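In what follows, a structure is listed as structure tokens, so that the remarks can point back to it.
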Amino acid sequence: MKINTVKKALAEGKLQLGCGYGFLRSPDVARILAAAGFHWAFIDTEHGGYDLETVQDICRAAVAVGLCPIVRVAELQYSLVTRALDAGAQGILFPRVESPEVLATAISWTKFPPLGVRGFGLTPIHVDHEKVTIPEIIKHLNANTMVVFQIETRLGVERRDELIAVPGVDAVMVGPADLSISLGVAGNFQHPSMVEAMEKIRDSCVRYGVAPGTQTRTLQLAKFWKERGMRFLGCSNETGMLYDRAAELARELA
């Protein structure tokens, strides 16, 4: 059974780098990202087109090479969460969170009893055929499954302390596109109101011992927020990185 190295590193105060992963269906992308030095990727089933079989293939490849696969579910729904975990996700990313009560219920779906209500349906393949008991599996997965949620609205920012204080949260990832829209500055990711809101979220995370994080679209923005203490730090996605490097090569050779 694999240790969730990202969850462990975040608990130790370390920076963990990741990216989005939601369009290219090849599990080889996970191998490339791991070899490049990324620690995690969020497998996007909210905006991406992956079915569960693709998620399973990507998760198994990612875990095998040490890239932590975190599945962003389309909505807070029990079957979406538990099936993603059964498919091999090492964590769940909850989008558009605004209610601490709803978040607490959703977190309970990620944990087996007595910590939660997740149903047990795992087989030997889930633990690489190790000779372990059901109680051992439950203890291990309860300790190693990551919970991340997104603040993406003005209301989420206002309720940040209530949300971050919910037991079981490992990290928060700001969703800057939707947050900028909610704040009335769509796409202006360094507008003063955006920076202020994100710094409030960061400060609340620090206060409650939760890793602060954000997704970013550019290296410049990633560096900006790295310098300001975001430790669960996402930059770009698999298609964006492919395009950027291809465009760079084409410009240099034209």
**Odd one out for Leu67 among (1) of a type in the set (A, V, I, L, M); (2) closer than 23 Å to Arg160 by Cα; (3) under 14 Å from the mean Cα position of the chain (by Cα)** = (2)
**Request:** Identify all residues within the stretch 205-235 that are open to solvent by 20 Å² or more (accessible area, probe 1.4 Å) and either at positive phi or part of a loop (DSSP other than H, G, I, E, B) (or both); write none if there are none.
**Result:** Gly209, Arg217, Thr218, Arg228, Gly229, Arg231
**Asked** Restricting attention to the stretch 68-84, and to residues there that are aliphatic (A, V, I, L, M) and open to solvent by less than 10 Å² (accessible area, probe 1.4 Å), which single residue is nearest to Ala36 (Cα to Cα)?
**Response** Ile70
**One residue from Ile3, Ile32 being under 17 Å from Asn144 (Cβ atoms), over 16 Å from the mean Cα position of the chain (by Cα) and either open to solvent by 80 Å² or more (accessible area, probe 1.4 Å) or not hydroxyl-bearing (Ser, Thr, Tyr) (or both)** = Ile3
**Prompt:** If you check every pair at least six apart or on different chains, which have Cβ atoms under 7 Å apart with a residue in the stretch 27-49 that is in contact (Cβ under 8 Å) with a residue 40 or more places away in the chain first and a residue that is surrounded by fewer than 17 Cβ atoms within 10 Å (Cβ to Cβ) and not polar (S, T, N, Q) second?
**Reply:** Glu46/Ala74
**Message:** Quick check on Gly168: is it under 24 Å from Ala9 (Cβ atoms) and open to solvent by less than 60 Å² (accessible area, probe 1.4 Å)?
**Reply:** yes
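The values are calculated or read from the model by the stated rules, or taken from the named source; none is laboratory data. Remember, it's a predicted structure, so these values are computed and weren't measured experimentally. Virtual Cβ from ideal backbone geometry, glycine too; neighbours counted across all protein chains shown. These area figures cover heavy atoms from the full protein model, side chains too; ligands, DNA and RNA do not enter into them. Shrake-Rupley method; radii C 1.70, N 1.55, O 1.52, S 1.80 Å.
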